[in-house]
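Chemist: Please read through the structure below; I'll follow up with questions.
The values are calculated or read from the model by the stated rules, or taken from the named source; none is laboratory data. As the structure is a prediction and not an experimental result, all values here were calculated from the model. For neighbour counting, all protein chains shown are included, and Cβ atoms are generated from backbone atoms with ideal geometry for every residue, glycine included.
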């Protein structure tokens, strides 16, 4: 069983790779907008636009290749560490149950035959998701650059704006919108951060769950207990910390899949879920923890959502400041907004001891 805090922190190293990638691409686009802003001759502008688009595609392709190489290596490392960390805990429970005569067919982890293939399949599945997200990011970034260049040029030649204002308008739009990517589950555009965080967290937890079930099958074990944490989403709070029967044949414990929604995007080990599960044996000392009150859970969930919102605003204005500087715009107001949201975050943490400041989530380079 993986703890909610451990699962929550798993994606951070990969998210950092892609936040740096996005920032680099945005700064590169802002510089290219600035370089073409004063050209009004159509032939010269077309030539310059093609030059900048070509150079940008080359730059973006190189940065994406670097990011993919780094992330694929990091993802495999994360999967190995996290999934086997979870199964080591399961192994102790199974072997103890065997000692007590509760599970005759329990086997050591290194004797479980199907686990490694489940791990590799899960890692490859997540790496492919990351590749799709990243390739989509590259296509959209190149299209965005063309759009911003066209916007600046048309605003200047129409006489509606001088070239400095036209540049400023495009750079501000870039800083506000960021570079989006495609969510292949829904077809909509999402931030690269949200896509990466969800892909890694969901991929690890789903794979750890599949490996746990494979191990349980090989040990011929039926009962499992779900983890629990304050701040769980309300639909998960109703089944966290409870015991379930995987086969559904128990007279005492409810069916695992139908009760928790395991295997669905909205259920246990689904999209962005931080719950996991482990083996359970009534004759052992392991028991469900004391239930967390639903009211307390709701309040903590709301506080954590507020903290995540503050972190996103801090990162947003930090990035805006960097893009403004690259595009030749005074970043003072952006820096003031960074300070404002950092102060709000400090106040929130100070007033709620159950929260802890996570500076890594606020960082942009």
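Chemist: Mind checking which strands (runs of 3 or more DSSP E) fall wholly inside the stretch 200-291 and carry at least 3 residues that are touching a helix residue (DSSP H, G or I) at 6+ places or on another chain (Cβ under 7 Å)? Steps first, answer last, please.
Modeler: Values: elements: 223-226, 243-245, 277-279.
Where strands (runs of 3 or more DSSP E) fall fully within the stretch 200-291 and carry at least 3 residues being touching a helix residue (DSSP H, G or I) at 6+ places or on another chain (Cβ under 7 Å), they are 277-279.
Chemist: State whether one or more residues within the stretch 153-165 are farther than 30 Å from residue 247 by Cα, touching a residue at least 12 places away in the same chain (Cβ under 8 Å) and buried (at least 21 other Cβ atoms within 10 Å of the Cβ).
Modeler: Going residue by residue through the stretch 153-165, those that are farther than 30 Å from residue 247 by Cα are 153-165.
Keeping just the survivors that are touching a residue at least 12 places away in the same chain (Cβ under 8 Å) gives 153, 155-157, 163-164.
Then drop every residue that is not buried (at least 21 other Cβ atoms within 10 Å of the Cβ), which leaves 153, 156.
Yes, the stretch 153-165 contains at least one residue that is farther than 30 Å from residue 247 by Cα, touching a residue at least 12 places away in the same chain (Cβ under 8 Å) and buried (at least 21 other Cβ atoms within 10 Å of the Cβ).
Chemist: Another one. How many residues, within the stretch 37-50, are outside any loop (DSSP other than H, G, I, E, B), touching a helix residue (DSSP H, G or I) at 6+ places or on another chain (Cβ under 9 Å) and surrounded by 12 or more Cβ atoms within 10 Å (Cβ to Cβ)? Let's see the steps before the verdict.
Modeler: Initially, the stretch 37-50 is screened for residues outside any loop (DSSP other than H, G, I, E, B), giving 42-50.
Now restrict to residues that are touching a helix residue (DSSP H, G or I) at 6+ places or on another chain (Cβ under 9 Å): 42, 45, 48-49.
Right, trim to surrounded by 12 or more Cβ atoms within 10 Å (Cβ to Cβ) and you get 45, 48-49.
Number satisfying all stated conditions: 3.
Chemist: State which residue is nearest to residue 124 (Cα to Cα) when the search covers only the stretch 66-103 and only residues that are in a loop (DSSP other than H, G, I, E, B) and in contact (Cβ under 8 Å) with a residue 40 or more places away in the chain.
Modeler: Residues of the stretch 66-103 in a loop (DSSP other than H, G, I, E, B): 100-103.
Of the ones still in play, those that are also in contact (Cβ under 8 Å) with a residue 40 or more places away in the chain are 100, 102-103.
Values: 100: 38, 102: 36, 103: 33 Å.
The extreme case among them is 103.
Chemist: Still on this structure, I have one more. Of all residues in the stretch 139-152, which are closer than 19 Å to residue 47 by Cα and either touching a helix residue (DSSP H, G or I) at 6+ places or on another chain (Cβ under 9 Å) or touching a residue at least 12 places away in the same chain (Cβ under 8 Å) (or both)? Don't jump to the end; show me each part of the working.
Modeler: Step one: of the stretch 139-152, the residues closer than 19 Å to residue 47 by Cα are 142-152.
142, 144, 145, 146, 147, 148, 149, 150, 151, 152, listed by residue number.
Chemist: Check 246, 197, 233 and return the single one that is touching a residue at least 12 places away in the same chain (Cβ under 8 Å), within 21 Å of residue 86 (Cα to Cα) and within 21 Å of the chain's Cα centre (by Cα).
Modeler: On the way: 246 fails: within 21 Å of the chain's Cα centre (by Cα); 233 fails: within 21 Å of residue 86 (Cα to Cα).
Just a single option satisfies the conditions, and that option is 197.
Chemist: Another question about this same structure. Kindly indicate which of 86, 111, 117, 136 is touching a helix residue (DSSP H, G or I) at 6+ places or on another chain (Cβ under 7 Å) and either in the same structural domain as residue 207 (by TED's automatic domain parsing) or farther than 29 Å from residue 7 by Cβ (or both). First the steps, then the outcome.
Modeler: Values: 111 fails: touching a helix residue (DSSP H, G or I) at 6+ places or on another chain (Cβ under 7 Å); 117 fails: touching a helix residue (DSSP H, G or I) at 6+ places or on another chain (Cβ under 7 Å); 136 fails: touching a helix residue (DSSP H, G or I) at 6+ places or on another chain (Cβ under 7 Å).
Matching residue, one of 86, 111, 117, 136: 86.
Chemist: Does residue 277 satisfy being modelled with pLDDT of 95 or more, in contact with a strand residue (DSSP E or B) (Cβ under 6 Å, 6 or more places away or on another chain) and buried (at least 23 other Cβ atoms within 10 Å of the Cβ)?
Modeler: Working: modelled with pLDDT of 95 or more: no; in contact with a strand residue (DSSP E or B) (Cβ under 6 Å, 6 or more places away or on another chain): yes; buried (at least 23 other Cβ atoms within 10 Å of the Cβ): yes.
Answer is no for this residue.
Chemist: Inspect all residues belonging to the stretch 180-191 and state whether any of them is in a helix (DSSP H, G or I) and either farther than 23 Å from residue 331 by Cα or in contact with a helix residue (DSSP H, G or I) (Cβ under 6 Å, 6 or more places away or on another chain) (or both).
Modeler: Our first condition is that a residue be in a helix (DSSP H, G or I); within the stretch 180-191, this holds for none.
Looking through the stretch 180-191, none of the residues is in a helix (DSSP H, G or I) and either farther than 23 Å from residue 331 by Cα or in contact with a helix residue (DSSP H, G or I) (Cβ under 6 Å, 6 or more places away or on another chain) (or both).
Chemist: Here is a follow-up. Quick check on my filter: what residues within the stretch 343-360 are in contact (Cβ under 8 Å) with a residue 24 or more places away in the chain and surrounded by fewer than 17 Cβ atoms within 10 Å (Cβ to Cβ)?
Modeler: Of the residues in the stretch 343-360, the ones in contact (Cβ under 8 Å) with a residue 24 or more places away in the chain are 344-345, 348-349, 352, 354-355, 358, 360.
Once the filter is applied, which keeps residues that are in contact (Cβ under 8 Å) with a residue 24 or more places away in the chain and surrounded by fewer than 17 Cβ atoms within 10 Å (Cβ to Cβ), the stretch 343-360 yields 344, 348, 352, 354, 358, 360.
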